[in-house]
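K.L.:
This is the structure, below, for whatever I ask next.
Just so you know, all these numbers are worked out from the coordinates, no wet-lab data involved. It should be emphasised that the depicted structure is a prediction, and the values quoted were computed from it without experimental measurement. Backbone-built Cβ (ideal geometry, glycine too); neighbour counts: all protein chains shown.
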Amino acid sequence: MPLRARPIAVSRGDSTLFRSHPVRLPIFAGLILAVLVSGLLSAAEPPSYGPPAAAASVAPAAMPTLAPWAAEELDRAAARARELRKRNAALRAQIRRERAGTRSRLKQVRAQAAGRVAQAAAASRAGVDAEEAVRLAAIAYGLPEERMLRIARCESTLIPTAASGPYLGLFQFGMPLWNATPYARWGRDDPQAAALAASWAFAQGMDSHWPVCGRR
């Protein structure tokens, strides 16, 4: 049976009212000393305002990884998007080429059409009998046919495209007088328009514009 220390009573004049057995005194004194030293050390440490140590030791959460099938789907979608962009760019380039070719062909067609119209107009003018045009215009304005024919022969020898300086046509119209007639929208080398314009001018009393041939 182990021995246990029993407390020993002391006199009233002693400062301690209770004393332990001499075997336990060093242990009790050591515990008190340890508590005092720990309190002094904790009081001497400066206060810490930083984050708690536990929070600092927490590692950031790792990003979740995709499953292999999801990564493959994303790769296939990106490949399809790249292919669609390539096709779109190719289609736009083809449209630009076709538009450029269409504009070029349209210009050629317009030039050919203009040339054909000019040829047709020239053929039409050439096929018109100048003498017949002068006679019909004189009848339209009530003028003597023979007089108008003499003036036309004097001015151009009945050649619709005859030119002399700024004057052109059967009756050798200049631009100022031609623009004053009702037939200015047509060309001066048009035999019918020239004959009608001359008959109109003579009917208006403008004989002075033909100072030489107009006297015949």
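K.L.:
Add +1 for every Lys or Arg and -1 for every Asp or Glu among the other residues with Cβ under 13 Å from the Cβ of LEU106, and state the total.
P.N.:
Details: positive: ARG99, ARG103, ARG105, LYS107, ARG110; negative: GLU98.
With Lys, Arg at +1 and Asp, Glu at -1, the neighbours total +4.
K.L.:
For THR102 and ALA89 in one chain, what is 0.36 nm times their gap in residues minus the Cα-Cα distance, to one decimal in nm? The partial results should precede the final answer.
P.N.:
Values: separation 13, 0.36 × 13 = 4.68 nm, distance 2.00 nm.
Stretched fully, the THR102-ALA89 segment lengthens by 2.7 nm.
K.L.:
Going by how many other Cβ atoms sit within 10 Å of their own, how do THR161, THR102 line up, fewest first?
P.N.:
Going from sparsest to densest Cβ surroundings: THR102, THR161.
K.L.:
When ranked by the protection proxy of mean other Cβ atoms within 10 Å per residue, highest first, what sequence do the peptides 132-145, 183-196 form? The partial results should precede the final answer.
P.N.:
On the way: 132-145: 16.9, 183-196: 20.9.
Packing order, densest peptide first, comes out as 183-196, 132-145.
K.L.:
Taking a ≥ b ≥ c as the square roots of the Cα gyration tensor eigenvalues, with a/c under 1.5 meaning rounded and otherwise prolate when a/b beats b/c, else oblate, which class fits the stretch 130-215?
P.N.:
Details: a/c = 1.22, a/b = 1.16, b/c = 1.05.
Rounded shape, in that the Cα axes give a/c under 1.5.
K.L.:
Rounded to the nearest 20 debye, what is the charge dipole size of the stretch 130-215 about its Cα centre when +1 sits on each Lys and Arg Cβ and -1 on each Asp and Glu Cβ? Numbers along the way, then the final one.
P.N.:
Details: 7 positive and 8 negative charges, 30 e Å.
So the dipole magnitude of the stretch 130-215 works out to roughly 140 debye.
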